[in-house]
Structures are given as structure tokens and as C-alpha cells.
Amino acid sequence: MSNDRNDSRDGGDVREPEDGPVGDPDSNGAGGDPAGGRSVGASNEPSDQDADIDDLGSDVEIDAEIDEEIAEDHLLGGLKIDSTDDIEVPDRLVDQVIGQEHARDVVMKAAKQRRHVMMIGSPGTGKSMLAKAMSELLPKEELQDVLVYHNPDDGNNPKVRTVPAGKGEQIVEAHKEEARKRNQMRSFLMWIIIAVVLGYSLLVVSNVLLGILAAGIIYLAFRYGSRGSDSMIPNLLVNNADEKSAPFEDATGAHAGALLGDVRHDPFQSGGMETPSHDRVEAGAIHKANKGVLFVDEINTLDIRSQQKLMTAIQEGEFSITGQSERSSGAMVQTEPVPTDFIMIAAGNLDAMENMHPALRSRIKGYGYEVYMDDTIDDTPEMRRKYARFVAQEVAKDGRLPPFDDEAIEEVILEARRRAGRKGHLTLELRNLGGLVRVSGDIARGEDADRVTRDHVLQAKGRSRSIEQQLADDYIERRKDYELQVAEGYQVGRVNGLAVMGQDSGIMLPVMAEVTPSQGPGQVIATGQLQEMAEEAVQNVSAIIKKFSDEDITEKDIHIQFVQTGQQGVDGDSASITVATAVISALENVGVDQNLAMTGSLSVRGDVLPVGGVTHKIEAAAKSGCDRVIIPKANEQDVMIEDEYKEMVEIIPVEHISEVLDIALEGEPEKDSLVDRLKSITGSALEKTGEGAGAGRGPTSPSPQ
């Protein structure tokens with residue numbers, strides 16, 4: 001843009017177009033564009049809303065009576081309510097944000113200082129909600145309208161002008177009104193001339209055909225000439241007149257034209273039939289987000305060229321619009337730079353950083369913040385009260401659900417604890433938890449209930465099972481039908497392992513081991529589509545076996561089979577103690593209790609290490625008919641199984657592989673010698689007294705939390 005055009009935006013209310021040359025954006029006429037032309041790089045001066053920013057999200061108190069004496073142990077954090085109707089839902093989205101304390105602080109700072117933010121974390125943890133919340137924190141008074149004018153010097157280089165929000169419509173209307181007046185005058189003059197020509201041809205020349213022909217030529221000439229005046233009407237590219245807050249543009253998965261703007265193709269490119277180039281210009285998300293927030297989720301899915309151009313828009317604060325297709329007539333058009341002074345919120349999972357353009361990430365990091373979204377938050381009375389408000393927010397947001405009574409809210413909070421997978425924490429994957437709220441409400445509504453009760457929530461937990469959980473339950477039932485599940489007696493080399501499908505679906509997968517003579521150097525052979533982590537776990541187990549065995553296994557092959565793992569295979573090391581127990585059982589020809597299931601990682605020293613998904617694995621063992629489950633001692637505090645499974649299964653926490661063998665293997669003398677030998681070799685087990693050894697056979701099950 002030329003400097004003289006920037007200098008011409010210094011003032012004035014909206015004027016009539018006749019005050020200056022029509023269609024010339026370089027003058028103070030042209031609709032009299034008001035003050036406040038484009039300013040790349042917004043001011044960092046604090047706005048009047050800064051005082052409200054400090055009240056974002058979790059800092060907003062619940063407007064309900066609280067009993068502080070019972071708050072610590074009360075599931076609702078001491079809230080004295082009968083239903084969600086007693087909880088007031090904040091009007092502003094920024095006040096509805098729950099948890100994510102670190103991300104919340106970053107958003108507040110970024111909104112004040114206009115910084116870019118990259119949010120990385122699990123789906124459903126509130127990335128898009130925080131981005132929308134930021135748009136509410138930005139000052140509305142800085143919003144601008146963007147106008148595109150015809151350039152009489154070069155039709156393929158339309159001129160761009162910015163005015164304060166709301167003025168663009170007035171300018172366009174003023175130009176349209178002026179064009180209507182001109183067209184009326186031209187039409188009036190045209191009909192007078194046509195009447196004179198027809199009258200002359202009839203009265204003087206006496207040739208009607210010649211008069212009609214002349215009138216037609218005059219009509220076409222006037223119509224053709226009027227197209228030039230219509231092209232003087234500017235194109236309102238970005239209109240923020242009705243915006244109540246700063247713009248929020250979700251450009252997730254947008255193609256190049258939708259993100260960067262485009263120029264429509266014109267099939268009539270000459271002969272007076274063409275559409276003026278400035279009328280074919282379309283704004284992209286980066287232009288609509290000017291003075292607001294541009295949100296791009298799964299940033300790595302953007303085309304690499306789009307990422308490069310997005311990087312330029314961030315760096316320069318302006319970006320010209322051109323046709324995105326090289327075969328389109330729009331490719332010949334390129335506007336003057338259009339303002340792109342937005343705050344960018346880039347989001348994605350951990351893999352998003354792998355395919356993200358490094359220079360784009362550098363721009364975001366250099367001019368903003370990177371933040372990792374938490375999966376869980378501390379289970380405090382204050383947060384439990386916020387989760388009660390979350391249920392009320394979901395009910396209000398849906399608009400069709402009955403209110404939840406206090407027991408139903410408590411059951412949702414219990415589920416939040418369970419899904420966290422950690423003692424003393426609540427899950428922050430609130431989108432999935434919101435799905436449970438909606439399914440519960442749908443069930444209650446289907447029964448014409450006035451309120452959602454605890455029973456409705458319990459039904460919803462069964463109906464809203466994930467695909468993985470449905471598959472896992474189907475596998476368990478099929479194995480029962482075909483007697484593939486062994487849940488009694490002892491078998492050599494066969495151990496009931498436990499695994500997780502997806503994030504919340506437990507399943508029991510047997511592991512079998514067999515020792516055979518080798519045709520060459522002995523090796524460990526594992527089947528079941530093992531992924532990298534599982535392969536490494538097998539290697540760790542083989543190190544213990546080599547050190548443990550008195551026999552020369554260099555001339556033997558150890559075969560390990562993960563039974564019925566399916567196409568997904570095995571990924572992770574949580575079957576390490578299962579593999580070790582199966583191999584030791586096969587080497588020593590000692591049976592393994594088939595009424596027992598186990599999960600746990602294993603160090604090369606024999607220590608049992610914690611694993612994930614322990615709650616879901618225990619429930620899978622209970623569904624499969626096992627009476628006892630071995631878990632790592634470190635996972636003891638993470639057990640939060642459903643009430644229906646508490647009486648079905650005994651949970652045995654262990655710290656060392658010797659404890660696993662003591663519990664799982666058959667026979668006392670042989671087993672004791674094996675355990676003692678393993679203790680002496682690894683040197684990591686806790687020395688057991690006579691009383692402790694007796695307890696190792698069946699330790700007291702911890703109370704599930």
C-alpha cells in the first residue's frame with residue numbers, strides 16, 4: 001500500500017460519494033471512509049476488559065450455599081443443592097473454563113499481550129474452548145471492516161482499505177445510493193433519446209424499422225456504459241458490524257482458499273461481460289480473524305505450503321489475496337495486502353509437532369507460548385464444586401436435558417475420578433464426560449422423568465461404552481462360549497495376561513510359552529504382532545531368564561505366544577511379568593494358577609513397575625471369571641473399580657517377580673526353591689519373614705478407591 005493512501009485515513013464521518021471522486025480510495029471522498037485505517041501490529045495497551053481477565057474460568061466462584069465442615073469428604077465439595085437448577089451457569093464462556101490452570105494462565109497473558117499460543121494435549125481437554133474464551137477477552141473496539149476497491153490503473157490489482165467496524169456497510173450503501181442516482185439519470189436520459197429517435201423516424205423519415213434499430217443500439221450503449229459505474233461500488237470483504245466480541249475463526253482442516261482467501265474464476269473475461277476483479281475477491285480465515293483469534297486444530301494436517309503462507313501472515317501482519325488455482329482467471333488477480341493482525345491458537349496431539357513446519361512453530365514460540373494440556377487435576381473440594389457446575393453447564397448448553405439431582409451429579413464426579421486413573425485426581429477430558437451427561441439426560445428424557453437420577457447415569461455408563469469396550473466385552477463372551485477361557489486348575493507355560501484396548505477398555509489375553517530344542521543358537525521367538533515397546537519388554541524378560549535358569553538355554557528356543565491379539569497386536573510392556581511367569585513355568589515344568597490374572601512391567605533386576613489402565617484390567621479379569629489379580633504395588637492407589645466388581649475379585653499388589661512366582665506357581669517345595677533362587681540372583685526382593693511368606697500366598701486386598 002502506498003504511504004499517501006495510509007495518510008488519507010485521518011478522519012471524517014461517512015460522507016456522500018459526491019464529496020469526492022467516486023470509487024477512488026485514495027481520496028477522503030469515496031464514501032468518506034472514517035478514521036482508523038489499517039494498523040498492522042495492534043497496540044499492547046491494556047484495555048478496559050483487563051480487570052475481567054483475572055476472573056477467567058476456575059477462579060469464578062459457585063453461587064450456591066457451601067457447608068465447609070463436610071466439604072473435604074463430600075462428593076459435591078460441600079455444595080448444598082438439590083439439582084443443577086440450583087447452580088448458576090456463568091454467561092461468559094471464559095467463566096465456564098474448568099481446570100487447566102497452567103493453560104488458563106497462559107491464555108490470560110496471551111490475551112493481554114496479544115501473543116500466539118500452541119496447545120498440545122489429548123482430545124477433549126478444552127483446547128478449542130480456551131481459544132474461544134480468548135476471543136471474548138480481546139477488546140471489541142479495535143475491530144475493523146475491510147473494503148476492496150476497483151483499481152482504475154490496474155484492474156488485476158484491487159485496492160484495499162480498512163475502516164472501523166460498522167463503517168464499511170455505510171460506505172457501501174453510500175456508493176450504491178450514488179450508483180442508483182446515476183443509473184436513474186442515465187435511464188431517464190436514455191428513454192428521452194429513444195423517444196426522440198423513434199419520433200423522428202416516424203414523423204420525419206417515415207421508417208419505423210430504422211427507428212427501432214436505432215433505439216436498440218442506444219439502449220445497448222447505455223446499458224454497456226452503466227457497467228463501468230457499477231464497478232465503482234467497493235466489495236465489503238470483512239464485515240464486523242454485528243460482532244459482539246473479537247472474531248473467532250476455526251480454520252481446522254481448511255483448504256488453501258478458505259484459509260488464505262481466493263479470487264473466484266470469471267468465465268467472461270472480456271467484451272464488457274466480465275465481473276470486476278475486486279468483486280470476485282473472497283476473504284480467507286486469516287483475514288476474517290483480523291483483531292481476533294485464528295484457531296487451527298491438528299495444525300500438522302495443514303498443507304505445507306499453507307503453513308508457509310500462514311507463517312508469512314503471522315510475521316508481516318498482512319497478506320495479499322490471490323486466486324489459489326493456477327488455471328483460474330483469479331490467479332491473475334492479486335490485491336494489495338489485507339490486514340491479518342490475529343492471535344493464532346495452534347492445537348494438536350503430541351504427534352502434531354512432528355509434521356508441523358519448524359519455521360511456523362518457531363514463529364509461534366518466538367512470539368508467544370507453548371503449553372501442554374493437563375489430562376487430570378487434583379481432586380479438591382473446590383474442583384468437585386466446579387465439576388458440579390460443569391454438569392449444570394452441559395445441561396444448559398444442550399437445552400433439552402432435565403436437571404440432574406445431587407446423587408446423579410455425585411455419580412458423574414465418581415466417574416471423573418475413575419477415568420482419571422490416578423488416586424486423588426479428576427479427569428480433564430471433559431468432552432467425553434460431557435457425552436456421559438448427555439446420554440444420561442437422553443435416558444431420563446426417554447422415560448419422561450423430571451430429573452436425571454443416579455440410576456440414569458449408571459445406565460448411561462453401560463450404553464455409552466466405547467467401541468473398544470464393546471469389542472472387549474464381545475471377545476470375553478465369545479471365549480466363554482467356545483471354552484477358550486481357562487479359569488481353574490494349573491497349566492504349564494500358560495498365564496492370563498491383562499491388556500487395555502483404546503483408553504478405557506480392559507481385556508484378558510493369555511500368554512503361552514514353550515521351550516524346545518534349537519536347530520542352531522538358542523533364541524527367544526515371540527509372536528502376536530509385537531510393537532517396539534513389547535519387543536523390548538520380551539528382551540528384558542529374556543535377560544532375567546538367562547540369569548535365572550540353571551540350565552544351558554543356548555541350545556534351546558523359547559517360544560512366546562500372545563494368544564488372539566488381533567490385527568492391532570501388542571504395544572507396551574505391561575505384559576512383562578506375564579511373559580516372565582509363562583517362560584519360567586515352561587522352563588521348570590511347574591503349573592500356573594489359571595484362576596489368576598496379572599499385569600505389570602518388569603525391570604531387568606526383577607522389580608515390578610507400574611502400568612497404565614490398571615482399573616480397566618482388573619474389571620476385565622473379573623468379567624472373565626478370575627478370582628485374583630496381581631498388580632504392581634505402585635498402582636495400588638490407582639484402583640477405582642466399580643462396586644459390582646469389588647466382591648468378585650481379590651487384588652494382590654506385588655513389588656518383585658519372586659512375589660509373582662510365589663503366588664502364581666503350583667507346588668510348595670519346587671516353588672520355594674525357584675523363588676529363593678530368583679531372590680539370590682536378582683538381589684532386589686524384600687526379604688520375607690515366615691509371616692510375610694505366608695502372607696505372600698494371599699495378601700489382603702486393598703480397599704479400592
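Would you please classify the overall shape of segment 570-647 from the alpha carbon gyration tensor, given that a ≥ b ≥ c denote the square roots of the eigenvalues, rounded means a/c under 1.5, and beyond that prolate means a/b larger than b/c while oblate covers the rest?
It comes out oblate by the Cα gyration axes.
Pull out the extension gain between LYS176 and VAL208, defined as 0.36 nm times the separation in residues minus the alpha carbon to alpha carbon distance; nm, one decimal. Walk me through the intermediate numbers first.
On the way: separation 32, 0.36 × 32 = 11.52 nm, distance 3.76 nm.
Contour length minus the Cα-Cα distance gives 7.8 nm.
Among 326-338, 618-630, how do they line up by average Cβ neighbours within 10 Å per residue, starting with the highest? Intermediate results must be reported in sequence, preceding the final value.
Values: 326-338: 18.2, 618-630: 23.4.
Packing proxy ranking, top to bottom: 618-630, 326-338.
Taking 7 Å along the Cα-to-C-beta vector as the label spot, tell me the ILE70-GLU650 distance in nanometres, rounded to one decimal.
Here the answer is 3.7 nm between the modelled labels.
Show me the ranking of peptides 644-656, 434-446, 462-474 by mean Cβ neighbours inside 10 Å, starting with the highest. Intermediate results must be reported in sequence, preceding the final value.
Numbers: 644-656: 18.3, 434-446: 20.1, 462-474: 15.0.
Packing order, densest peptide first, comes out as 434-446, 644-656, 462-474.
Projected onto the charge dipole of segment 333-413 (+1 at Lys/Arg Cβ, -1 at Asp/Glu Cβ, origin at the Cα centre), which of ASN349, ALA396, GLN334 gives the Cα projection farthest towards the positive end?
Farthest along the dipole direction, towards plus: GLN334.
Could you tell me the accessible area of MET185 in Å² (1.4 Å probe, neighbours in place), rounded to the nearest ten?
130
Roughly how many percent of the accessible protein surface of segment 269-360 is carbon and sulfur, given a 1.4 Å probe and a whole-percent answer?
Reported share for carbon and sulfur atoms: 44 percent.
Hey, if we sort THR301, THR162 by accessible area with the 1.4 Å probe, largest down, what's the order?
Listed by decreasing accessible area, they come as THR301, THR162.
Tell me which chymotrypsin sites (Phe, Trp or Tyr not before Pro) from segment 249-330 have a DSSP coil assignment and no more than 14 other beta carbons within 10 Å of their own.
Sparse-neighbourhood loop chymotrypsin sites (Phe, Trp or Tyr not before Pro): PHE268.
The values are calculated or read from the model by the stated rules, or taken from the named source; none is laboratory data. Since the structure is predicted, the reported quantities are computational estimates derived from the model, not experimental observations. Please note: Cβ atoms are built from the backbone with ideal geometry, for glycine as well, and neighbour counts cover all protein chains shown. The accessibility values were calculated without ligands, DNA or RNA, using every heavy atom of the protein model including side chains. Shrake-Rupley method; radii C 1.70, N 1.55, O 1.52, S 1.80 Å.
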